[in-house]
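Report on one structure; see the data block that follows.
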There are 4 protein chains.
Amino acid sequence: MDSLDRRAPMGWNSWDCYGPGLTEEQLLANAAVLRDRLAPAGYEYVVCDIQWSEPGAKSKAYRPFAPLCTDGFGRLMPAPGRFPSAKDGAGFRPLADRIHAMGLKFGIHIMRGIPRQAVEKDLPVHGTGLTARSCADPSFICPWNPDMYSLREGAPMRAYYDSVFRLYASWDVDFIKMDDVCVLEGRVDRSGVPGYGAADVEAVAAAIKNCGRPMVLSLSPGPARLENAWHMSRYADMWRLTGDFWDTWEQLLDMFDVTRRWDAFSGEGFPDCDMLPLGVLDVNEPENGGGGRGTRFTPAEQRTMMALWCSFGSPLFVGAELTKSDPAVFDLLTDPLLLDMHRYGARSREVSREGGIITRETGDIRGGKFVCRFNVTDAPAASGGETIPAHGAVVKHEG
Amino acid sequence: MDSLDRRAPMGWNSWDCYGPGLTEEQLLANAAVLRDRLAPAGYEYVVCDIQWSEPGAKSKAYRPFAPLCTDGFGRLMPAPGRFPSAKDGAGFRPLADRIHAMGLKFGIHIMRGIPRQAVEKDLPVHGTGLTARSCADPSFICPWNPDMYSLREGAPMRAYYDSVFRLYASWDVDFIKMDDVCVLEGRVDRSGVPGYGAADVEAVAAAIKNCGRPMVLSLSPGPARLENAWHMSRYADMWRLTGDFWDTWEQLLDMFDVTRRWDAFSGEGFPDCDMLPLGVLDVNEPENGGGGRGTRFTPAEQRTMMALWCSFGSPLFVGAELTKSDPAVFDLLTDPLLLDMHRYGARSREVSREGGIITRETGDIRGGKFVCRFNVTDAPAASGGETIPAHGAVVKHEG
Amino acid sequence: MDSLDRRAPMGWNSWDCYGPGLTEEQLLANAAVLRDRLAPAGYEYVVCDIQWSEPGAKSKAYRPFAPLCTDGFGRLMPAPGRFPSAKDGAGFRPLADRIHAMGLKFGIHIMRGIPRQAVEKDLPVHGTGLTARSCADPSFICPWNPDMYSLREGAPMRAYYDSVFRLYASWDVDFIKMDDVCVLEGRVDRSGVPGYGAADVEAVAAAIKNCGRPMVLSLSPGPARLENAWHMSRYADMWRLTGDFWDTWEQLLDMFDVTRRWDAFSGEGFPDCDMLPLGVLDVNEPENGGGGRGTRFTPAEQRTMMALWCSFGSPLFVGAELTKSDPAVFDLLTDPLLLDMHRYGARSREVSREGGIITRETGDIRGGKFVCRFNVTDAPAASGGETIPAHGAVVKHEG
Amino acid sequence: MDSLDRRAPMGWNSWDCYGPGLTEEQLLANAAVLRDRLAPAGYEYVVCDIQWSEPGAKSKAYRPFAPLCTDGFGRLMPAPGRFPSAKDGAGFRPLADRIHAMGLKFGIHIMRGIPRQAVEKDLPVHGTGLTARSCADPSFICPWNPDMYSLREGAPMRAYYDSVFRLYASWDVDFIKMDDVCVLEGRVDRSGVPGYGAADVEAVAAAIKNCGRPMVLSLSPGPARLENAWHMSRYADMWRLTGDFWDTWEQLLDMFDVTRRWDAFSGEGFPDCDMLPLGVLDVNEPENGGGGRGTRFTPAEQRTMMALWCSFGSPLFVGAELTKSDPAVFDLLTDPLLLDMHRYGARSREVSREGGIITRETGDIRGGKFVCRFNVTDAPAASGGETIPAHGAVVKHEG
């Protein structure tokens, strides 16, 4: 479990900077920077987040009932207006090819369920005698995104997910961010714990196995429940511990409590603290006039975040618009000590909270350990013979 | 408040005997018996329950995504295969005319919301510049019936309900059973209490006022919450206190607790104990082979139910298939003492529970009071000098 | 039910001005003012609130394990240092005699349960062969006051309460404020609803009946639950709808929601909005230096409170230190229109909320109705041709 | 973490066979058998469970308000009538000496809090200027045992626990079973998670450190909450995962779900599946006439239990009356393969549930792994080429 290939996934995700309105051109521009500046340090996944099949998607306000692009089997297809290489039914394969040619890997977002539009049209399910209506469960939906119906557990669910992953495998997808699955209020699933899409996760895990191409399976959004951790670690690779993480100190401070509760699972797959909201963000939100906005985190807070993620062993997915972000972002993301802790760390634990200083220790599988001390007070604080800035961190390798 | 015209509504409802599969022929046959046998005692409403727009509806298992009949404005229309007089867009007007000609009143069932099929087709909303999509809220649905989306609160909701009630007024409808509204798990409404469709109820109450025709507004299903009683009594005429009531002693016994909690509201509109599952029931359920089944209640239990409903002042809606039910059913439903209690009763209260005997008293606005003693034990019991059979009732008028 | 003797109880209670530290001298001084200034308008009860058996009680911070005065049967006795007339085991009888001589009635506070000190000493229970230990339930206590154990349901509970009320009857007590009973988190009682002391209420109601002297039974503290209203209205005279009510606009505003939910019960015994925090308050709290403090309510808010209480038909218990309060307090408390509404009102209901104006109507059993319009906005508002001040009320008699 | 000295604690506990009524003679007789038959296999702790200070304790029905033995500082002392060697204030030291002389270790049970009797008498707290009353929190108690008050967080709590552990250290105690601490309904503690006695656990952990003698700290009763696991693993050695475990298949079956949720914590201290109810049990329960009763588990179920506990790495505490139990019990408790799995196991996980067979794998730190297959159906089942009896287990060591 502590071998090198257990390093948590690293890469870039489009949500924090582009929201639902990402275009192919933007994704490729960011991928190019990732290749040049971050790939040498281990960042490799380029993930296209939600709503890539919605032709008019722009800001984070979804457009209910907007027509989505699907193939004849009800499977969502990239909107060619935003992803020109997907035209003529090519899907994401041409884009994946370009990402692969950069030496990177390609990931996409999916929602739990089957598109309502496929159900309305009662489209056939690829490779089966079933149609969309017979697979859909019309009585349970996602409350925050209007695109999908749930799937009926059992054969219909498996059939639909298999049909979808056959398509994704043909696109050479490497990473799946599966959404609307960690918290399902109001549903009692087979996991025996209310509020988790266990059946969907099992069916998607099986579909990945069946499709013949390895893919990382990432579950969203949190807060995942500890009671379900055994299931997520058995069937998925990473899962979100909180709701969407943004650049506020309150959320960052709360993440110390969250990681403390989850420390024991940091060797069981990869509990996920969410994307790193650094650099330039929210480019597509109207209030930012097209230029985005800078992270609200201070430099000290940014380093604290990066140190906590690396100490805990969280996946590292950059949220920054990379073409517009300044060198300090890249310096932080490639900090050798922090990335060594992320790569060689094992059995990370919070060891104390005292006088506003939170101390975490992470074993180094090469020997010794990493010690992080975080000052969570609003003023500089002395600790271990040095001064830690407000909201800041000191990381050391010891013995 | 205690005047004669405050008698709770009385009539017949199709659900207990025909479920979703009722036909016009069946409704008229039952109405004829109601006219002949029960109307003299005060029963007057003939209510067509759920799924009248679904051409293939039969048993209580709804058929998800089955095409519903609507007009060009997304308003549900009776399925002409089941209601022949509704053909050529006539709607329920011809049937209502026939019911009215019998000296009776006509009621229909509606679901909260707007048909998903109207939204999928984005049909125009009658009398407005809006379309169905702009009125629908795709993020909240009924979990047990797949037909409707919720409406967006405010102008869109009001516009759609107004359009619907203009149609119902043109049909001369007298009674509306509004479903999926008393308990909405997961929704926090403007009522400030989770789990109740306050906005929809207000909009429907306004639509009834706007449409120019008085209609009784009945809310379903329960269990309604006491915290919302003030709102229901302000905007509706009757509302269900429990989930669907069927012919089991456990449910009947529980109704004593329910009515005790709600006694104070029995003068505030009409808290509703649900239909009376007497006589022949469940005609359309496959396991009954087309002939239905008799009520599971013993004669003593039937009388206990009728006495409790009348004591409490609940609406009285017969669930029996009237053409097939035997004379004892009609005798019970027209029992003069019980109906006097129902008609002239005021301020009914449970006064004691002792030794398995529950006693309720109901003031008689003409003078004196009605006293009901119920034996809720499983054996005959002596009380007040007489023997009450197991699960049975004794009702007296005193001084 | 609408007859004159159904007027809700009115009087003075020591809590808001003296907390647990009240003395006999203070009580008598206030009673004298009550007699002179408020009794003609109907105020009659003088109620000594909590901790009268604690010799050193002063502010609202209770003193855990402070020795309480009891008789040899474990019944709490007034602390003679604070209530000199109680010396030599006379109890409250001499004080009650003086109150009665003023033409007023005398009330005391009790806690649910049996004093822990009686249990520790295993004192005999008066009039029985039982001792305190055999009556106590050591596994459930009041979380906010350390004086009592619970009583074991059944014969032990009845025996102890009977012993206590024999004593109170011998003191000529007229009114019992029973505390720690409306909300009992963690206890499931025979009422079938968690969190209410039904068994204790029934036993106290029986003890009052058994003791031969009528006493008003008032239950505290709230928030009482609507599910238990039937029980409280059957066994008690009044019960608190909220936690302790103090002089903040937030609490007053909230009371409109509370009364709206409870309107239907306003003819079923007396749901209680709590004492009126007017005039001089909190005399014994250290931060007020012995002189108390004035109410934080503006004159408009005071009138709004008084109008809401009178409209709803709440008991009216003045919280003011009467010897120090200025004439405006007495004018408000004896406002003829408001007190007529309180006295002759029936079936009070909130009828609308619109544009920041809440309207309530209260029938006048002599004819016509009272209409109250409350401006709950933070600015003056025009309504019905006049201007209502911010947080203010207009009350009219109509028709 | 995977070194040999990380083996979970093993021993014998008096609760399952003697309940609260254990005597010194019985404890020594069982210890002698433990020494002879089980100590060679690693069992070493002899733990005296609850109520050892209650002179008249017998069956599991506690006697409220029964006088407990304490010293002059309010610290509970063994009742000399049951533990003769404790006479003259010797406490448990003589008994501990005899246990140590057998080559075994000695453990005792404590309740969270301070004896109510010490508070009633306001005894001084040893080694401080405080008295019991100033340390007690009278507002929160254990609902199932009447002996203790809670302690006030901070200095009073620390002072009292320090005084107690000074005494225990002088007795040479090796093991503390701390009760009423994992689940505290109604209390929000500093852990930030309701329902857990974090402050008490920290104070006891510090008191053990301060007293100068190492002691194993075991927390009871469960169900512990996963949210608090980080805290329990930081401050305690073992903690209970469920309520009291007894010999029913339902509880054993449920333990598979429990261990699955807790697997990730099996290397973080010792999550505890509770005592093993084998052999002769419940000797002191009246219904067993003094002779106790045999376990209700079938031989197959006993082996399943033992295999699950060993696979998961739970502490192993025998509940049997050892002098009366037959050889099969000792054979099972000393099964070499199972104890090797318990001793050398690491990273145990459930890997599948299929067709009624639950499979768990436990790494062997010497190489290879242990594989357990459990048949949780009610009939024999074929699995891996062999037949597993109903409710039975097959354990293998693989490559």
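The values are calculated or read from the model by the stated rules, or taken from the named source; none is laboratory data. Computed from a prediction, not measured in an experiment: that's the story for all the values here. Here Cβ is always computed from backbone atoms with ideal geometry, including for glycine, and neighbour counts include all displayed protein chains. Just so you know, the surface numbers come from the protein's heavy atoms only, side chains and all, with ligands and any DNA or RNA stripped out. Shrake-Rupley method; radii C 1.70, N 1.55, O 1.52, S 1.80 Å.
Here are the numbers for the structure shown:
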read-out	value
Closest approach to the axis - chain A beta-carbon, rotation onto C, Å	A:Pro194, 10
Column: log10 I(q)/I(0), Debye, Cα scatterers of region C:278-344, q = 0.12, 0.16, 0.24, 0.29 Å⁻¹	-0.33, -0.56, -1.03, -1.28
Calculated P(r) of region D:1-112 - Cα pairs past 20 Å, %	42
Normalised alpha carbon radius of gyration of region B:333-398 [divisor 2.2 N^0.38 Å]	1.11
Binned Cα-Cα distance frequencies in the protein assembly as shown - 20 Å width, integer %	8, 26, 35, 27, 4, 0
Rounded if a/c under 1.5, otherwise prolate or oblate - region C:226-268, Cα gyration tensor axes	prolate
Copies compared at B:Gly289 - label distances in nm, ascending, label defined 7 Å from Cα in the Cβ direction	5.6, 8.1, 9.4
Sequence-separation-based contact order of region C:332-378, relative, with Cα cut under 8 Å and 6+ spacing, percent	30
Distance between modelled label sites at D:Phe140 and D:Arg366, nm, 7 Å Cα→Cβ extension	4.7
Net charge dipole size for the protein assembly as shown [Lys, Arg +1 and Asp, Glu -1 on Cβ; Debye, nearest 20]	0
Solution diffusion estimate, µm²/s, Stokes-Einstein, region C:37-87, Kirkwood Rh from C-alpha pairs, 4 °C, viscosity 1.567 mPa s	101
Compactness of region D:230-309 as Cα Rg over 2.2 N^0.38 Å, two decimals	1.26
Net dipole in debye of region D:38-138 [+1 Lys, Arg Cβ; -1 Asp, Glu Cβ; about Cα centre; nearest 20]	200
Partners for D:Lys369 among lysines (Cα-Cα distance below 30 Å; same-chain residues under 8 apart left out)	A:Lys209, A:Lys369, D:Lys396
Nearest-first distances (nm) between copies at A:Arg366, label 7 Å from Cα via Cβ	3.4, 9.5, 9.9
Projected label distance in nm at A:Glu398 and D:Lys87, using a 7 Å step from Cα toward the beta-carbon	5.4
Rounded accessible area per residue of the protein assembly as shown, 1.4 Å, Å²	34
Heavy-atom accessible surface of the protein assembly as shown: percent carbon and sulfur, 1.4 Å	52
Label point distance in nm, C:Arg296-C:Asp36, each placed 7 Å from Cα along Cα→Cβ	3.2
q = 0.09, 0.14, 0.20, 0.21 Å⁻¹, region C:242-399: log10 I(q)/I(0) [Debye, one scatterer per Cα]	-0.28, -0.68, -1.32, -1.43
Region D:1-51 shape via C-alpha gyration tensor axes, a/c threshold 1.5	oblate
Chains D and A, summed buried accessible surface - 1.4 Å probe, Å², nearest 100	1600
Residues whose placed amide H lies under 5 Å from that of A:Thr377, excluding near-sequence neighbours	A:His391
Within-11-Å neighbourhood charge of A:Ile110 [Cβ basis; K, R +1; D, E -1]	-2
C:Val33 accessible area, assembled protein chains, probe 1.4 Å, Å²	30
Average partner coverage of D:226-238, which counts Cβ from other chains inside 10 Å	3
Rg over Rh, two decimals, region C:360-399 (C-alpha only, Kirkwood Rh)	1.07
Estimated 222 nm signal from helices in chain D, with DSSP H stretches of n ≥ 4 weighted -39500 (n - 2.57), rounded to 500	-8000 deg cm²/dmol
Principal axes of region C:190-277: Cα extent on each, largest first, Å	43, 28, 22
Electrostatic dipole magnitude of region B:87-226 [Cβ: Lys, Arg +1; Asp, Glu -1; Cα centre; debye, to 20]	220
Averaged over C:135-146, number of beta-carbon atoms from partner chains that fall within 10 Å	4
For region C:88-140 versus region B:327-399, the gap between their alpha-carbon centres in whole angstrom	42
Cα centroid separation, region B:1-79 to region A:1-61 (Å)	56
Peptide C:344-350 - average C-beta neighbours from other chains (10 Å radius)	1
At q = 0.15, 0.20, 0.22, 0.23 Å⁻¹, base-10 log of I(q)/I(0) for region A:64-151 (Debye sum, equal scatterers on each alpha carbon)	-0.64, -0.98, -1.08, -1.13
Prolate/oblate/rounded label for region B:322-362 (Cα gyration tensor, a/c 1.5)	oblate
Inter-copy label distances at D:Glu185 (7 Å, Cα→Cβ; nm, one decimal)	1.3, 2.2, 2.5
Proximal lysines to A:Lys87, defined as alpha-carbon separation beneath 27 angstrom and excluding residues fewer than eight positions away on the same chain	A:Lys58, A:Lys60, A:Lys105, A:Lys121, A:Lys177, B:Lys121
5 angstrom amide H check on C:Met148, placed H, neighbours 5+ away	C:Arg116, C:Cys142
Estimated FRET transfer efficiency (A:Arg187, D:Asp257; beta-carbon r; R0 30 Å; 0.05)	0.95
Pairwise FRET efficiency - C:Lys60 versus C:Thr377, Cβ, R0 = 35 Å, nearest 0.05	0.60
Highest-first arrangement of A:113-120, D:349-356, where packing means the average Cβ count within 10 Å	A:113-120, D:349-356
C:Arg158 accessible area, 1.4 Å probe, all protein chains in place, Å² to nearest 10	130
Antiparallel bridge percentage (DSSP; both residues within region C:182-302; nearest 5)	40
P(r) weight above 36 Å for chain B, C-alpha pairs, percent	23
Amide H contacts of B:Val216 (H built 1.01 Å from N, under 5 Å, at least 5 apart or other chain)	B:Phe175, B:Ile176
³J(HN,Hα) computed for each position of region B:370-382 - Karplus, 6.51 cos²θ - 1.76 cosθ + 1.60, integer Hz, glycine/proline x	9, 10, 10, 10, 10, 9, 9, 8, 8, 9, x, 9, 7
Pairwise FRET efficiency - A:Val351 versus D:Ser170, Cβ, R0 = 41 Å, nearest 0.05	0.85
